Amino acid sequence: MSELEGGSASGSPIMDSEIQSDSSNSHEGSVDPRSQRAELRQAKQLEREILQLSGSFVSEINQQSECMVDFLDKFTHSVENESHEISIENVDSFIKQTELKVKDIVETYEKLKIKCKNEVNPEHEKLLNDFLSDVHTLKEQILSRREEEQEILDEEHALQEAKQKLEEQMQAYKTKRDIFLRKVESAREILKTFTDNLAESFNSKLQASADNHPKPYRKSMEPNIFSGNTLEFADWEVDMDAYVADEGLSDREALRYLKKFVAGDAKKAILGLLTYRNEDSYREARDKLLERFSMQGGVARILLQKLDNWPNIRHGDGKKFREFGDFLDQIRRSMSSTEGLKIVDTETYIERICQKLPDNAKFAWTQKVCRARRQKTDHPSFSVFTEFILEQADCYMSSIMQSTSKEPKSESPKSRNDDRPHRRAASYQTENGKKVPYCHFCCENIHYTRDCSELTKKPPKERNDFTLKKGLCFSCMNGKHRSNECNRKQTCKICQRMHPTILHDPDWKQSEKPDRQQTQANASSNTNKDGSDKTKTCNATGVTSSSSFSTMVPVYVSAGGKEKLVYALLDNLSDITFINKQTALDIGASGIPDTLDLETMNAVTRSETLRYENLQIRGYLTDATSTIEAVERPAIRCNEDNIPTDEKCSKIPHLKSIARHLPPKLDIPFGLMIGKDSPEIITPLLTMRGEPGETTACETRFGWTLCGGKLRSKLASSYMTNGKLFPLVEQDFEDPGGKSMSQQDLKFLEILNDGIFKDEDGSYVMPLPFKSTPILPNNRHQAEQRLQLLRKKLQKDTAYKHDYLTFMKTLLDKGFAEEVSETEITEDDSIRVERCIKTKCFGEVKRAELHHFSDASEDGYGACSYSRLIDVNDNVHCSLILSKARVAPLEPPTIPRMELQGAVVATKLHEKLKRELDMEIDATYFWTDSTIVLGYIKNETTKFSPYVTNRVTQIRKSTEPQQWKHISGTKNPADIASRGATVHQLGTSRWFTGPEFLWKKNLRDELDRQPQSFAIPPSHQELRKTVTVNATQVNQGIKVDNFSKWHNLIRAVTQVRLISKRVKEKLKPIWQLQTLSSQDLQDTEELLIKLDQKQHFALEIDSLQNDGRMDTTALRTSMLEVSSIINSKPLTCVSLNDPTEGVITPHHLLTMRSNLTDHKSEGETTDREVYGRNMYKKTQQFAEEFWSHWKDYLAKIETRQKWVSPVQT
């Protein structure tokens, strides 16, 4: 503006031309001085007007521009915050005023142009054009904001109408509910009256019938003799009570019979009461029996003891199985009333009970438990276990009945079919009911097969083949059943293994048959160039025995005075300390029963074990001592070649100086494995390191030890053969029940064994398990043929073509499908995704971060996760790791809800990456461009709707509010996941590399720009609404004062009752007055009396209804008190001069006595005394109430002639 004003001050171009023309004319001739001065004055006047118009023009433009910008800012703030500070009418008024102002500015410019004779300053014209362009732009923005404001107002208006409609519906519902409740209450009263009358009539008839027909005598059933069994006490008690009641025995007689029906411990418990009898002896004896033998803990203790001592059930014993199931069913039914039996409904106790079952039942139950774990449900309860046992018992009994009906009892062993190996058959004959041995080799009844001398002479291989051919058990050779189901397993007298001595093979160690898996693996293993069958891997763990060391130290372990020297392994990956079972037995340690959950790479197993506390350990070469707590394990195994010794340490150059501090190899067992629960033992005090990959020496409290590394003299590579890899694959096909695999499983394993090979990249390749080699034809011709048939059908059938195109168009319009352009098809190969999250030239990673971005739109929502790595040289590398996108529902929710759902997806991606990434993450950040979502997550006090609350809870369960940051929408890469992108857009975006600020060495600038707070507007729709309910109490009493006569009141109320009845029955006409009957008037009168009594005698009615009624004696006493009060009224005049002078009352005439006293109250009584259990207090209160009302009554019946009789004035 200063330049424009300066330009205007220099003078007008018109004035300059006039001055020049005047100067030229002066040379041509003489001019009149007066006209010359007048022209100069006019020129100056014109110049001042031009300057004034120019200044006014510029100031008006600046002022109007600032005004429009300020109004746009205020209106934008009002729309975004939904505060409605500026109404739609104000916006329209401002736009009209702006148009008028612009019109004035244009007129000013025209005036200026006229003044300057169309030679206006070019900068003024440019300023006007820019101003008009800005006005047009600002006007469009204001109108856009106006449309948004109008939409918000329309939504609020619709919401208000819906709310009002809902309130009207709620009010109508409440009215209907009140009418229904009143009907229900009326029906309840009628039903109660009818029930009471019916019950009273029935009881009176029953009593009359009982009085006319005396009960005949019948002999009661005597109870059983109770000897002290707690389980039988409940039934005996019921029988005893019934016997005493039926016989009508008194306590003395019942005591005599009680002595007859008890014995054993029960009789000893009440012997003193039976000997020294008194009136209460029977009650005391019953109470003592109840206290002694009905204790819930006693019942639980007896049942649990019986359950623990229950013998193991043999296979096929259906009778024992059914008895066991019935006993478990008894425990299950007693659990609800016996607290001590709740212990059986635990996983540990059920597993302990399961050990009493046969192997096949154990396996069936294990399958049931595993199925529940796969479905992620709770462990089956004791009730489910009981149902399982009862089902198994039914199966056993049905199989026994079938076998009994099909097989004759006198069947000889020769008649049995030996080709049925799965049939259980006994290997003995019977003579006169006695069992005799039977030999399957000699076919004679002289000895068992395992004791046959002829079979012993055969070679071991022929003996095994004979046993296999006959289908005999390899554990006892005494039956045709599986060895894992054998109950009579024999122990070899030579090798102490579980097989008969006759099957012992002396050359077993030399000719031992290798494992099937190893045989199959070695049969078809791939060989390297050197002919070996080993394949080098990058993650192998099977190193040579002399290549590394296990961290262990020799220590003395003791408990209870005994001490033993063992090797203690130091394992910083174990959570607890283990002790060898044999070591615990040798030192005489006493353990506490406990449950151990052992988690390995393959599974999590639970087992019962012992926990030892206060175990003392002492160093072998040091004086250090410590106290530990350990859990028992059957064995602790370790390779003896990995024991660190002084000899091995002396061969390592950088550790020769500490070789003298290590002990030689000791002939002691591996007795302890100390874990992280004893950090003072496993934490090294000093370490000595060598080059990377070499052995490290560590000094602990109990001496020096070696760990890791390889010996320089014996370098070894890590190898894994196919024989080692194949068993890992075969573990997936192992049967948990120990049964053999099917032929299909064996065929599959054979295919894997033959087809496993290593490709050029060093990765193992497995074949697909086809039953036969498939032939996959080239079906391109078939696809083209089908396409041609579809084209012909579309050309022939126009209706079908129309339906087909309509269907495809519907899919495209709804967004279920998308048409791919030719350019995108050709550019399909332009996208390349790097599989590695860091480049080859990237240095050692010193910091790793995860950044999760989320976004949403009307089309959908999604999230993407990036890794940000920083190496030792402060180089930064970012790459996409994982992303997830979701399409919006058919009825999409609001944008804030979609943004919140995108944040939930980001949280799920974070949880998945934490489980899958094998790297340490130093920091995690979550980014979103929605301030509303950040307000949801960071809010601590405001209550939101259930939709928001549930998802915020899910987010805050996995993340912290401080991890969530704000990012602008233009920088958010998750925008692609929510809106979609073409192949070209995807290739040119930063989708695979992340936003630019992640590549900066320092993120502090981006983190410092975060807003301090994210406030939620008070009118936000997700805020939980606060509803205020105002309760109004309506007094429904009848205004009696409006009626002059009692009869009029009764008639009016009767008419109201009849109209109400017609309204309920929907009879017409409703408001017509009805003819009143005497019964209707009488009912109304009774109703009014009841209402009045309920209003004025509420306390008395409540006391009578709540067990406050007086019995016959109290009522008779009260009536006598009332009669005393009435009969005390004087019959003669009372002398006012002589108060001692007696008066005659009805008492004198009734009793003919004169020393009677008037009724006097014994003092005031409280409500608590009146309505308590003291009947005398009730009678006194009744008399006092009558006396107070009696006095008022007497005062009303005495007439006063002075005030009643008419007197002339």
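Yes or no, residue by residue, for (1) buried (at least 19 other Cβ atoms within 10 Å of the Cβ); (2) modelled with pLDDT of 80 or more; (3) in a helix (DSSP H, G or I):
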| site | (1), (2), (3) |
| --- | --- |
| Ile446 | no, no, no |
| Leu455 | yes, yes, yes |
| Lys461 | no, yes, yes |
| Asn464 | no, yes, yes |
| Thr467 | yes, yes, yes |
| Ser475 | yes, yes, no |
| Gln490 | yes, yes, no |
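Condition (residue is under 25 Å from Ile831 (Cβ atoms), part of a loop (DSSP other than H, G, I, E, B) and at pLDDT 90 or above) applied to region 975-985: is it met by at least one residue? Scanning region 975-985, I find no residue that is under 25 Å from Ile831 (Cβ atoms), part of a loop (DSSP other than H, G, I, E, B) and at pLDDT 90 or above, so the answer is no.
Highlighted here are the helices (runs of 4 or more DSSP H) found entirely within region 229-278 that include at least 3 residues which are more than 57 Å from the chain's Cα centre (by Cα): 251-260, 271-275. Quick one: in region 92-112, which of the residues that are touching a helix residue (DSSP H, G or I) at 6+ places or on another chain (Cβ under 9 Å) and charged (D, E, K, R) is modelled with the lowest pLDDT? Among those residues, the one meeting the criterion is Lys111. Of all the criteria given as (1) without any contact (Cβ under 8 Å) to a residue 40 or more places away in the chain; (2) surrounded by 13 or more Cβ atoms within 10 Å (Cβ to Cβ); (3) among the basic types (Lys, Arg), the one not satisfied by Arg951 is (1).
Among the residues making up region 145-188, those that are free of Cβ contacts under 8 Å to residues at least 24 places away in the same chain and under 17 Å from Ser87 (Cβ atoms) are Glu147, Glu151, Asp154, Glu155, Glu156, His157, Gln160.
Taken together, the residues in region 640-669 that are loosely packed, with under 14 Cβ neighbours inside 10 Å and of a type in the set (S, T, N, Q) amount to 1. Looking across Ala38, Ala43, one residue alone is hydrophobic (A, V, I, L, M, F, W, C), surrounded by fewer than 12 Cβ atoms within 10 Å (Cβ to Cβ) and either over 30 Å from Glu151 (Cα atoms) or at pLDDT below 80 (or both). It is Ala38.
Listed here are the residues, each with its yes/no results for (1) at positive phi; (2) surrounded by 15 or more Cβ atoms within 10 Å (Cβ to Cβ); (3) assigned to a helix (DSSP H, G or I); (4) polar (S, T, N, Q).
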residue: Val344; (1), (2), (3), (4): no, yes, yes, no
residue: Ile353; (1), (2), (3), (4): no, yes, yes, no
residue: Leu357; (1), (2), (3), (4): no, yes, no, no
residue: Trp365; (1), (2), (3), (4): no, yes, yes, no
residue: Ala372; (1), (2), (3), (4): no, no, yes, no
residue: Phe388; (1), (2), (3), (4): no, yes, yes, no
residue: Gln392; (1), (2), (3), (4): no, yes, yes, yes
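Which residue out of Gly935, Gly980 is in contact (Cβ under 8 Å) with a residue 60 or more places away in the chain, over 15 Å from Asp855 (Cβ atoms) and in the same structural domain as Phe853 (by TED's automatic domain parsing)?
Working: Gly980 fails: over 15 Å from Asp855 (Cβ atoms).
Criteria check complete, one pass: Gly935.
The values are calculated or read from the model by the stated rules, or taken from the named source; none is laboratory data. Not measured: the values here are computed from a predicted model. Cβ: placed from backbone, ideal geometry, glycine included. Neighbour counts: every protein chain shown.
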